[in-house]
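J.: First the structure, then my questions, so here it is.
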Amino acid sequence: MNLFFKIIILTIFLFLQEAGFADTSLKLLIPNESYKNEDQKQNEIINFGQSGLTAKEWRIKKCYRNVTFNIFWKSGLCPTDPHMCIHSYTVEELHFFKKYYDYLLQISELCADGYVLKKTDRDFFKKSTQGEVDRFIEKVRKNRKKKIDYSRPLQDQFANKNNIEPTQSTKVNNKNNFKQNQTNEQKKNKEELELLKKQVKDLKEVEKKKQKEIEKLRISEKKKT
């Protein structure tokens, strides 16, 4: 094989690699998300490659963490005091929230399929049941258009979406709003954390008592037999 053909093959190989890299990076984005810079993009691709997840599973994980969790803690989907549902470690660690956690993951699949979820969606839920979740998912799929269709080529869908540079005044306002919101949120979280610790402790005590009662019933049943 002469040098000319070697250069052609190498060029094609590099082009395909670059195309695959770009396609993968876009598949990892969820609706209304963009990469802040090239380093973030490369790091996300590396982390994704090491995760063992599919692209959709990766998006579900991001949708849960960045979208669904932040919307539905303050809705009827939360099975108890909303101030308990706002903290991830209670939702993910306590058995009491197992169904709620599963409901959030099911709804996160909508986001991972390209649908935009809104804060107003929390108004849909009056109770925390599988039936409510099924009806919500059906409603969104029937009445809402996907912002991103991951089954189609993504390059054109993302073109011109991530290249809008905000004005200087918008940047300043966003920065000031962010700082104020952050201060208010920190103060609020500090107050809620103390209440949360007590509530978590109480819930754990309730769970322990239930386990003891179940064990007593088992022992009682064994004695009868």
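J.: Run the simple label-point estimate for Arg141 and Ile219 please: 7 Å along Cα→C-beta, distance reported in nm.
T.: In this crude label model, Arg141 to Ile219 measures out at 4.9 nm.
J.: Arranged by the count of other C-beta atoms within 10 angstrom, fewest first, what order do His87, His95 take?
T.: His95, His87
J.: I would also like to ask the following. Which entries of Lys126/Lys222; Lys119/Lys209; Lys36/Lys146; Lys139/Lys201 have Cα-Cα distances beyond 32 Å here? Please list the in-between numbers first.
T.: On the way: Lys126/Lys222 42 Å; Lys119/Lys209 37 Å; Lys36/Lys146 23 Å; Lys139/Lys201 38 Å.
Lys126/Lys222; Lys119/Lys209; Lys139/Lys201, as the Cα separations exceed 32 Å there.
J.: Which of Ser75, Ile60, Ile86 sits farthest toward the positive end of the charge dipole of region 41-102, with +1 on the Cβ of Lys and Arg and -1 on the Cβ of Asp and Glu?
T.: Ile60
J.: Another question, if that's okay. Say each of Leu53 and Asp202 gets a label point 7 Å from the Cα, pointing the same way as Cα to Cβ; how far apart are those two points in nm?
T.: 3.4 nm
J.: Then there's this: Quote to one decimal, in nm, the extra length available between Asn66 and Thr24 on full extension: 0.36 nm per residue of separation minus the C-alpha distance between them.
T.: Between Asn66 and Thr24, full extension yields an extra 13.1 nm.
J.: Once you order the gyration tensor axes a ≥ b ≥ c over the Cα atoms, which shape class does region 39-105 get: rounded for a/c under 1.5, otherwise prolate or oblate by comparing a/b with b/c?
T.: Note, shape of region 39-105 comes out prolate.
J.: Among Ser108, Ser151, Ser75, what is the fewest-to-most ranking by other Cβ atoms within 10 Å?
T.: Lowest count first: Ser151, Ser75, Ser108.
J.: If each residue of separation counts as 0.36 nm, what is the full-extension length gain between Thr80 and Asn32 once their alpha-carbon separation is subtracted?
T.: Residue separation times 0.36 nm, minus the Cα-Cα distance, leaves 14.3 nm.
Read-outs throughout are calculated quantities, based only on the coordinates presented, and are distinct from any laboratory measurement. All values derive from a computational prediction rather than experimental measurement. Glycine also receives a Cβ, built like all others from the backbone with ideal geometry; neighbour counts cover every protein chain displayed.
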